[in-house]
Each structure stands twice: as structure tokens, then as C-alpha cells.
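One structure is given here, and the rest of the page talks about it.
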Amino acid sequence: MPLKIGELAKAAGTQAVTIRYYEKEGLLCQPERTGAGYRLYDDTDVERLHFIRRCRQHGMNLAEIRDLLAFRDRPAPSCAWINELVERHIASVEEQIASLQSLKEHLEALRRTCDGGRGGTCGIIESLDHGERCPCCEGLHCRLERRPPQS
């Protein structure tokens, strides 16, 4: 039974605007349309959206998903490149974990600068106001700015 975009969105747990965006980006095929111009989808579109969402949950960007979908649609003899893709994501996650651990340690050190009641002054505020720049915080900020937008 054909689904309209709102029904597809509900079935796939996403938003209609995201579906339109994925169509524009070539992740979903252009759907059939009714005489009134409504998009019509089927179960293969629901499955494809679930695949895309799982890829996004694993940190894949749209170009990577496009490549994975192409392989899924037309498997090749070797999928070694997919292992390399996942290895790159693992390395990225390990880097993020290390950066976050460093940030946590810096925040814990910052927290130790305040005893909670020194007559209107706060060691945390003083450290933030006059302390040294935190290289791990700056590095994390740079990586967050470079990340592609999540859809």
C-alpha cells in the first residue's frame, strides 16, 4: 500500500523535511506522484530510511551513506573499503573520547579552584576570567565546528 510523506515519516521515525532533503541529496529515489502531486512511497523506502538512520546513528556522513547505499544496491566482490570506513570512524571516536577525557580532567581541576564560599569570590569564576586557555577545550571546539551538520 502506497504511503504519503507523512506516513513514511511516521513509519521511519523521521521528519518529512528530512525525507525531502534525502531525496534532494540522492539518498532516496524520487517517488512516484499522484495526480495532485503527492509523493507516494512503499516499504522499500521505509527500509532505506531505516538504513540511513542507522548509518547516521553510527556517525556516517551523507557521502559515506551514499557509497554504502550504492554498495547495498549493487554489491561488489569486495567490501574491504567498508571495513576501512568503520576503522576511520572508530579512530575518530577514540580521539573524541580522549579529548572528552582531557576536558573532564580540566573541568575537575577547575572545580577544585573553588571551595564554595570565600566571601563573594569564586575560584572558578576567577580561573575562567584570568586563567590560562585550555588547549583541550579549544581543540574540542575546533573539532565540533568542523563536524558536518547532522540530519
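When the accessible area of the range 1-45 is split by element with a 1.4 Å probe, what percent falls to carbon and sulfur?
Of all accessible area on the range 1-45, carbon and sulfur atoms account for 53 percent.
Compute the distribution of all C-alpha to C-alpha distances in the range 43-105, in bins of 10 Å from 0, and list the percent of pairs in each, rounded to whole numbers.
In whole percents, the pair-distance histogram is 19, 42, 25, 11, 3.
The values are calculated or read from the model by the stated rules, or taken from the named source; none is laboratory data. On a predicted model such as this, the values are computed, not experimentally measured, just so you know. For the accessible areas, the whole protein counts, side chains as well, though only heavy atoms, and no ligand, DNA or RNA atoms are used. Shrake-Rupley method; radii C 1.70, N 1.55, O 1.52, S 1.80 Å.
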